[in-house]
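Read through the structure below, which is laid out as structure tokens, and then see the notes.
The values are calculated or read from the model by the stated rules, or taken from the named source; none is laboratory data. Small disclaimer: the values here were computed from a predicted structure and weren't measured. When we count neighbours, we look across all protein chains shown, and the Cβ atoms used for this are built from the backbone with ideal geometry, even at glycine.
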Amino acid sequence: MNILIVGSGGREHALAWKMAQSHHCDNLFIAPGNPGTASIGTNVNIQVNDFEGLKKVALENAIDLIVVGPEDPLVNGIYDYFLNDETTTHINVIAPSAAAAQLEGSKAFSKHFMQRHSIPTASYAEFTKENYADGVDYIKSHGLPIVLKADGLAAGKGVIIAFTHQEAIASFEDMIQNKQFGEASSKVVIEQFLEGIEVSVFALTDGQSYQIIGHAKDYKRIGEGDTGLNTGGMGCVSPVPFMDETFMKKVEARIIKPTIQGIQSENLVYKGFVFFGLMNCGGEPYVIEYNCRLGDPETEVILPRLQTDLVSLLAAADNGTLEDVNIEYNSGAFATVMAVSGGYPGNYKKDFVIAGLAATNNVPGVIVFQAGTGFQDNDIVTKGGRVLTATAQGSTLKEAVKTAQNALSNIQFEGMYFRSDIGYEFES
Ligand code: AMP
Ligand code: GLY
């Protein structure tokens, strides 16, 4: 099979790493990819929203399977684009239709969906410019903290947790009146704050059946002990100790099954990953958000943990045999620790040479996935905030985290920073 992966981050490097191991994989292309993916397959210099360019690459290379990493092309309709063109309709594109991708693309859509299907989530209301004054009243009468969410995609920045009414009203005004996130914040969802521990669960669906392919806990704050600004994710562990059978049964019965049944009963065309962003509130699961893709850096732990052949799994999602697949996991615990540029998630400098990559790639039990990297002359240099992540396996979470950290200590670039407390709340 010839495969095209769309995206350029650590998630796409992990997808390339996993798919290249399949005996079903003949040729692997990544658009646009990064130096990490270039060591596994062929990078093609096409951006993720350039559907015409992607179509050209797909036809020139007789691509059979396309896996889409980031959310933008999903919400922009990449699935429909390939389906509706007779030259590409045969390609197995792992993505929801644009209509189904609204589950990620519109917070209001996903809240309505959860309400229709009685899926547990924070109580909420939605507001636009038209009922702005009602929104202000709603905030004033609501308990604290309170959560404000731009309805549309805002590159992970559209969620504000306000601890005072004043702060909430100021954010509300910024979003609606000052168009802080452009069109994305012309509608705002205001919701109850859920107190608990977050966990990400991943499923693959064909719109009718599904398979759970893994879960992970993502550490989103920049600082140790979960302090400081939110980031795209500073590290992950998998499996998560509290994801025991009792909790997983609740997640499946109350959240995953009703979601897939809802997708089916509403005739939403969906062949792809579902990312359930959950809050464990004292043993009861609630949905914080849906994403229609794999997470980053969650992918960098769930794919190394997944033993099942990913290419076969994605083929099964296309040919109606998903239910028959056996999901198996590698034993032990997995952790990934992200190395970021100094200053991230604020301003940071780029183009620093990364040293020690080659040696670290040879450490047994460790995989380095590149994220914000690029080629410069004969070097690999930093090109983004999240630069690379080291994933390790261990007999315990603590051991996996330690191995990943040790691996990172062999890598250097100016301003490099990583959290040394990933998995800190778990005993072993
Ligand atoms: P999202 O963009 O929906 O992933 O939200 C970003 C982050 O905000 C989430 O990962 C949570 O940490 C936090 N968050 C979102 N909604 C809530 C909520 N209702 N209660 C508590 N935290 C939330
Ligand atoms: N790590 C969170 C995300 O991918 O959205």
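Quick one: is Glu252 modelled with pLDDT of 95 or more, charged (D, E, K, R) and over 26 Å from Ala14 (Cβ atoms)? Taking the combined requirement at face value, the residue does not satisfy it. Among the criteria (1) within 13 Å of ligand 1 (Cβ to nearest atom); (2) in contact with a helix residue (DSSP H, G or I) (Cβ under 6 Å, 6 or more places away or on another chain); (3) closer than 15 Å to Glu298 by Cα, the one Ser200 does not fulfil is (2).
Looking only at the stretch 251-284, residues that are in a strand (DSSP E or B), in contact with a strand residue (DSSP E or B) (Cβ under 6 Å, 6 or more places away or on another chain) and away from ligand 2 (no atom under 16 Å from the Cβ) come to 2 in all. Against the list (1) acidic (Asp, Glu); (2) in a helix (DSSP H, G or I); (3) within 16 Å of ligand 1 (Cβ to nearest atom), the condition Asp296 fails is (2).
When the stretch 285-313 is filtered for residues that are of a type in the set (Gly, Ala, Ser) and either within 11 Å of ligand 2 (Cβ to nearest atom) or buried (at least 23 other Cβ atoms within 10 Å of the Cβ) (or both), only Gly295 remains.
The single residue among Met248, Met175 that is of a type in the set (A, V, I, L, M), more than 16 Å from ligand 2 (Cβ to nearest atom), in contact with a Phe, Trp or Tyr (Cβ under 9 Å, 6 or more places away or on another chain) and without any contact (Cβ under 8 Å) to a residue 40 or more places away in the chain turns out to be Met175. Just so you know, in the stretch 252-284 the residues that are closer than 20 Å to Lys220 by Cβ and surrounded by fewer than 24 Cβ atoms within 10 Å (Cβ to Cβ) include one that is farthest from the chain's Cα centre (by Cα), and it is Cys281. For the subset of the stretch 203-219 comprising residues that are out of contact with any helix residue (DSSP H, G or I) (no Cβ under 8 Å at 6 or more places or on another chain) and more than 10 Å from ligand 1 (Cβ to nearest atom), which member is nearest to Ala162 (Cα to Cα)? Looking at the filtered set, the residue picked out is Tyr219. Can you tell me which residue among Leu357, Leu408 is over 18 Å from Gly235 (Cβ atoms) and in contact (Cβ under 8 Å) with a residue 40 or more places away in the chain? Selected residue: Leu357, the only one of Leu357, Leu408 that is over 18 Å from Gly235 (Cβ atoms) and in contact (Cβ under 8 Å) with a residue 40 or more places away in the chain.
Output the number of residues of the stretch 15-29 satisfying the condition of being over 12 Å from Ala315 (Cβ atoms), of a type outside the set (Phe, Trp, Tyr) and in a helix (DSSP H, G or I).
Going through the stretch 15-29, the residues over 12 Å from Ala315 (Cβ atoms) turn out to be 15-18, 20-21, 23, 26-29.
From what's left, of a type outside the set (Phe, Trp, Tyr): 15-16, 18, 20-21, 23, 26-28.
Still in the list and also in a helix (DSSP H, G or I): 15-16, 18, 20.
Counting residues in the stretch 15-29 that are over 12 Å from Ala315 (Cβ atoms), of a type outside the set (Phe, Trp, Tyr) and in a helix (DSSP H, G or I) gives 4.
Taken over the stretch 103-159, residues that are of a type in the set (D, E, K, R) and away from ligand 2 (no atom under 16 Å from the Cβ) amount to 9. Of the residues Gly156, Gly152, the single one that is surrounded by fewer than 17 Cβ atoms within 10 Å (Cβ to Cβ), in contact (Cβ under 8 Å) with a residue 24 or more places away in the chain and within 25 Å of Thr259 (Cα to Cα) is Gly156.
Can you tell me which residues in the stretch 220-239 are surrounded by fewer than 23 Cβ atoms within 10 Å (Cβ to Cβ), within 16 Å of ligand 1 (Cβ to nearest atom) and in a loop (DSSP other than H, G, I, E, B)? I'd like the intermediate steps shown before the answer.
Going through the stretch 220-239, the residues surrounded by fewer than 23 Cβ atoms within 10 Å (Cβ to Cβ) turn out to be 220-232, 239.
When the remaining residues are screened for being within 16 Å of ligand 1 (Cβ to nearest atom), the result is 220-223, 225-232.
If the condition is that a residue be surrounded by fewer than 23 Cβ atoms within 10 Å (Cβ to Cβ), within 16 Å of ligand 1 (Cβ to nearest atom) and in a loop (DSSP other than H, G, I, E, B), then Lys220, Gly225, Asp226, Thr231, Gly232 are the ones that fit.
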